[in-house]
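The values are calculated or read from the model by the stated rules, or taken from the named source; none is laboratory data. Bear in mind that the values here come from a model prediction, so they are computed numbers and not experimental data. When we count neighbours, we look across all protein chains shown, and the Cβ atoms used for this are built from the backbone with ideal geometry, even at glycine.
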Amino acid sequence: MKVTIFGTGYVGLVTGACLAEMGNHVVCVDVDQAKVDGLRNGVIPIFEPGLEPIVRRNYASGQLDFTTDPAPAIAHGELIFIAVGTPPDEDGSADMKYVLSVARTIGEHLDRYAVVVNKSTVPVGTADRVRKAIDDVLGERGAAVDFDVVSNPEFLKEGDAVEDCLRPDRIVVGSSSERAVARLRKLYAPFNRNHDRMVVMDERSAELTKYAANAMLATKISFMNEIANIAERVGADVELVRQGIGADPRIGYHFIYPGAGYGGSCFPKDVQALERIARGHGYDARLLGMVEAVNAQQKTRLFAQIQKHFDGDVAGKTVALWGLAFKPNTDDMREAPSRRLMEALWEAGAKVRAYDPEARAETTRIYGERDDLVLCDNAYDTLQGADVLALVTEWKAFRSPDFARIEAVLKNPAIFDGRNLYDPRVVEDAGIAYYGIGRGRSLQR
Ligand code: UDX
C-alpha cells in the first residue's frame, strides 16, 4: 500500500521502516531538512538496535523515501500517519500544536479519499479535533474531499522498537468507519498472521487504551518501589518478595522490578497527561497522582543513600556512575534517574565520573562541558579517584563486574545499586559496602 508518515521521530521512523520492510511504499515527511538529508544518507538520528539496516535497505530499494515537501507526500498516501511529538506543556497536558499543524497541512493538500491515522499519544477526543482541523481547511479551500480519521496508538518500547513493531502483541484500531478499518486490516495483514491481533473499537476508547496501558505499567513499578521502601524498613528483601508475588499469574513477573524510578519519553508524560485529562473532565484521579509522586521520590533514593553514607557531607566527594540512559539499549536521557542523581550530587558539591555505553553524546548535549562531570570511555575508568560507585542503568556490560578490582580502586568501597543488579553477599564478601533498593534482609547474616 502507499503510506505517508508525518514525523521521523521514534514512532514515525520505526513505523515507516517496518511498513516499508513489509512491502509498502512509504514516504516519511519531516520539517527538519538536516534530519531528512541525514536519513537519505543512512544517518539514523536515534540509537535503536536493528533500525539502521532496515532504513538503509528500504531506502536503497525505493520502498522508503524521506522528504520535507508535504504536497507530493499527501498525494502519495492512501494512509497518512501522524506520528509527531506531543511534548508536555507547562501544566503537564500533551501539547497538540504539532499534531494539529500536520492536520491543517493535510487539509491544504488532500484531493481524494485517504485515511488519516493518528499514532501519536494524544488526549482523548483528539481524533475529533484532527477531523475538524482538516475539515476547516478543506472548507476554506472550498474542497469537498472525503476522509476518515483513525486512532491507532503505538506500543513500542525503546531498545525493542523494531521487534515490537514487526511482531506486535496487539494492534488497536479506533474507528467507526468500515472503509477505514478495511484499509488498516489490509495494511496490517502481514503483521497479523496466525491469530487476529487487531482490536477494533471507537476512537476515544483507542486513545484511552494507550494511556491506560502506560499508566498501568507505571503503577506496577511505583507499587513495587513502595513495597521496596517498606521492605527496607521492616528488614525484608524486596527481591524475594518480587519472586514470591510474580509467580501468581494474576500478577506476573513483568514490570515489578523496583529501582531508581522510571524514566523515558512515555511513562512520566503519559501518567501526568492522563491525570490532567481526568481533571479536565471533573474527576480527581488520585491514584495516578500518587504513581507520579512515588516515582519522583524514588529518583532521589540513590542520592539520599549516598548522602547518608557520608553522614550528610558529600561535598568534595567523587561518585563513579554506571549508566546514564533511562534504561539499557537506548541513548535516551529523557527523565532518566541518572539526571536527578547527578544534579543532586553537583548541587551538594560532589563530582561525577560517568560511563554509559551509548548515552555519552546525549549527556554532553544536555550538560555541556563542566568541571564536576567527567565522561569516561569504559566502566573501570570511572573508578579512578572515585570514592564510591552508583549503578543507575542495568546495561548487560555491568552485570558481572570484577568486584576485587572495584574494591582495590575505590577510596571508600561502597556500591549503590539502583537496579538490584548484584548479590549483596558477593559484594560484601569482596569488602565493599552494599546498598540496594529495598534489601533490608539480605545484609543481615
Ligand atoms: C514504554 C512502554 O513499555 C511502551 O509500551 C510504550 O509504548 C512507551 O513507554 P519505554 O519508555 O521505551 O516504553 O520503556 P520501558 O521498557 O517500558 O521502561 C520504562 C521505564 O520503567 C524505564 O525507566 C525502566 O527502567 C523502568 N522500569 C521498567 C522499572 O523501573 N521497573 C520495571 O520493572 C520495568
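Tabulated values for the structure
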read-out: Total residues in region 112-158, condition small (G, A, S), under 27 Å from the mean Cα position of the chain (by Cα), within 15 Å of V102 (Cβ to Cβ) and more than 16 Å from the ligand (Cβ to nearest atom); value: 1
read-out: Candidate set from region 296-315 (those that are of a type outside the set (K, R) and within 16 Å of the ligand (Cβ to nearest atom)); member that is surrounded by the fewest Cβ atoms within 10 Å (Cβ to Cβ); value: A296
read-out: Candidate set: region 316-335, residues that are charged (D, E, K, R) and under 11 Å from the mean Cα position of the chain (by Cα); chosen: the one nearest to the ligand (Cβ to nearest atom); value: K327
read-out: Residue selected from region 171-195 under the condition part of a helix (DSSP H, G or I) and of a type in the set (D, E, K, R), by the criterion nearest to A20 (Cα to Cα); value: K186
read-out: Which numbered condition E226 fails, given (1) buried (at least 24 other Cβ atoms within 10 Å of the Cβ); (2) not in a loop (DSSP other than H, G, I, E, B); value: (1)
read-out: Qualifying residue in region 221-242 (condition: farther than 30 Å from K299 by Cβ, aromatic (F, W, Y) and out of contact with any Leu (no Cβ under 6 Å at 6 or more places or on another chain)); value: no
read-out: Any hit, region 283-305, residues being closer than 21 Å to R419 by Cα and basic (K, R); value: yes
read-out: From A320, A404, residue being out of contact with any Leu (no Cβ under 9 Å at 6 or more places or on another chain), at pLDDT 95 or above and farther than 15 Å from G263 by Cβ; value: A404
read-out: Total residues in region 361-410, condition touching a Phe, Trp or Tyr at 6+ places or on another chain (Cβ under 7 Å) and basic (K, R); value: 1
read-out: Residue under evaluation A212, criteria (1) farther than 30 Å from A397 by Cα; (2) within 13 Å of the ligand (Cβ to nearest atom); (3) surrounded by 18 or more Cβ atoms within 10 Å (Cβ to Cβ), criterion not met; value: (3)
read-out: Enumeration of residues in region 24-54 that are among the charged types (D, E, K, R) and outside any helix (DSSP H, G or I); value: D30, D32, E48
read-out: Odd one out for D164, checked against (1) without any contact (Cβ under 8 Å) to a residue 24 or more places away in the chain; (2) under 26 Å from R276 (Cα atoms); (3) within 16 Å of the ligand (Cβ to nearest atom); (4) not in a loop (DSSP other than H, G, I, E, B); value: (2)
read-out: Filtered residue count, region 352-410, keeping only those that are part of a loop (DSSP other than H, G, I, E, B), free of Cβ contacts under 8 Å to residues at least 40 places away in the same chain and either more than 16 Å from the ligand (Cβ to nearest atom) or crowded, with 18+ Cβ neighbours inside 10 Å (or both); value: 14
read-out: Residue pairs meeting the criteria (Cβ under 8 Å; at least 6 apart or on separate chains; first buried (at least 17 other Cβ atoms within 10 Å of the Cβ), in region 76-92; second of a type in the set (F, W, Y) and assigned to a strand (DSSP E or B)); value: I80/F6; F81/F6; I82/F6; A83/F6; V84/F6
read-out: Residue, farthest from the chain's Cα centre (by Cα), within region 13-25, restricted to residues that are closer than 16 Å to E52 by Cβ and crowded, with 24+ Cβ neighbours inside 10 Å; value: A20
read-out: Leading residue by the ranking (farthest from the ligand (Cβ to nearest atom)) among those in region 188-209 that are touching a residue at least 40 places away in the same chain (Cβ under 8 Å) and touching a strand residue (DSSP E or B) at 6+ places or on another chain (Cβ under 6 Å); value: E203
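Conditions (1) in contact (Cβ under 8 Å) with a residue 40 or more places away in the chain; (2) more than 16 Å from the ligand (Cβ to nearest atom); (3) of a type in the set (D, E), marked per residue:
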position: A228; (1), (2), (3): yes, no, no
position: A231; (1), (2), (3): yes, no, no
position: V238; (1), (2), (3): yes, no, no
position: R242; (1), (2), (3): no, no, no
position: I256; (1), (2), (3): no, no, no
position: A273; (1), (2), (3): yes, no, no
position: G289; (1), (2), (3): no, yes, no
position: V294; (1), (2), (3): yes, no, no
